[in-house]
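Right, one structure below, let's go through it.
The values are calculated or read from the model by the stated rules, or taken from the named source; none is laboratory data. Remember, it's a predicted structure, so these values are computed and weren't measured experimentally. Using ideal geometry, Cβ is built from the backbone for each residue, glycine included, and neighbour counts are taken over all protein chains shown. Keep in mind that these areas ignore ligands, DNA and RNA; they rest on the heavy atoms of the full protein, side chains included. Shrake-Rupley method; radii C 1.70, N 1.55, O 1.52, S 1.80 Å.
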Amino acid sequence: MFGRRPDWLAALLDVEAALAGAAADVGRIPSSAATEIAEHCRPELFDEADLARRTAENATPVAPLVNDLRALLPPDIADHVHTPATSQDIIDTALMLIAARAIDDLLPDLASCVRATAGLAETCRDTPQLGRTLLAAAMPTTFGRLAAGWHAGLTDAATELTRVRKALPVQLGGPVGALDDPALVEAFAGRLGLVPALPWHTNRGVVARLASALGLVTGALGKIGGDVLLLAQAEIGELAETRSGGSSSMPHKRNSARSVQLVACAHRTPGLVGTIFAGLPQELQRAAGRWQAEWETVADLLALTVAAAGHGRVLLTELKVDTVRMTEGLR
């Protein structure tokens, strides 16, 4: 978990600080204790390599992290660290916080893609183009119709991702999911910009919906990348990337680098989404193995989607459309 993007250590410490602050908000602990805990929730105070080693020994990063945090504090303050949470509360909430931050980062790029495809659909609504089905020449259509299809796919995906982002919840159920303190949960969620929720320790629909939304985004962008790759072939030449990549062995060759990367991101995503869905049947109050498989899987999905949105923005805002070649293709 540690040593890989995203910044898990920072997120876990942010969650511990928020929990302490929320506990103070509802009168569970003194405000002075919450302040001192938050002041020590700084990544530079912790040995990340040592935490990684002890994470492997404990199957959780939270136990060693909490021990180290408590060791930095006076005993009377240390007693207030982490209560009344369990390790899964902190990890699940950190995962939602990481997801929220990543989605907030990628949504502007995704919005640029949506606008760019809308512009292409309007500008090229009457641009004639040969339609191709099963990779063979079919009937006349327009490039605007193809771009409109791109736009529809991206719009649907962006809408779903935005909906999921708004619903990302905190997790605070205690050791067996029986914690009943709505005021504490609400204060905790408010401090993190997440949504208060009942415990969902083994109800992983939240994570599955997140994975599905990320898969929709990379899939929609991958479809565009694949279409551009096909239409940018020298034999067709109807589209081209403005900043084409070069070849190490063929100086004359220009590669559709952004499109290739979009296809690669979309190709990796389904297996990761499948891993999350395979983990839905989790045991009793807390799962062994399936839950732990989510951490890096979701992190990889987020990284791929962030990358795809960035590549898509560059590709679509700079895409070259050769209307002459499109017309010639109908002859």
Sorted by chain and then number, the residues having a modelled amide H within less than 5 Å of the amide H of Asn255, at least 5 places away or on another chain, are Gly245, Gly246
Find the centroid of the Cα atoms in the range 51-96 and in the range 190-233, then give the distance between the two in whole Å. 28
In the range 261-310 the accessible area split gives carbon plus sulfur, as whole percent at 1.4 Å, a share of 65
Residues in the range 99-126 reached by a label modelled at Ile236 [backbone nitrogen below 16 Å; 7 Å Cα→Cβ]: none
Ordering of 291-299, 172-180 by packing [mean C-beta count within 10 Å, highest first]: 291-299, 172-180
Area of Met326 that stays accessible when all protein chains are in place (1.4 Å probe, Å², to 10): 0
With Cα atoms, 0 to 90° folded angle of helix 182-192 axis to the chain main axis: 50
Nothing charged except the Cβ atoms of Lys and Arg (+1) and of Asp and Glu (-1): what's the magnitude of the dipole of the range 1-88 about its Cα centre? Round to the nearest 20 debye. 260
Helix 143-166: inclination vs the chain longest Cα principal axis, degrees, rounded to 10, gives 0
Counting only protein chains, not ligands or nucleic acids, how are Lys166, Lys223 ordered by accessible area (probe 1.4 Å), most first? Lys166, Lys223
With angles folded into 0 to 90 degrees, how steeply does helix 257-278 sit against the dominant principal axis of the chain? Use alpha carbons for both and round to 10. 40
Rounded to whole Å², per residue accessible area for the chain with a 1.4 Å probe reads 45
With a 1.4 Å probe and all protein chains left in place, how much of the accessible area of the range 1-128 comes from carbon and sulfur atoms, in whole percent? 50
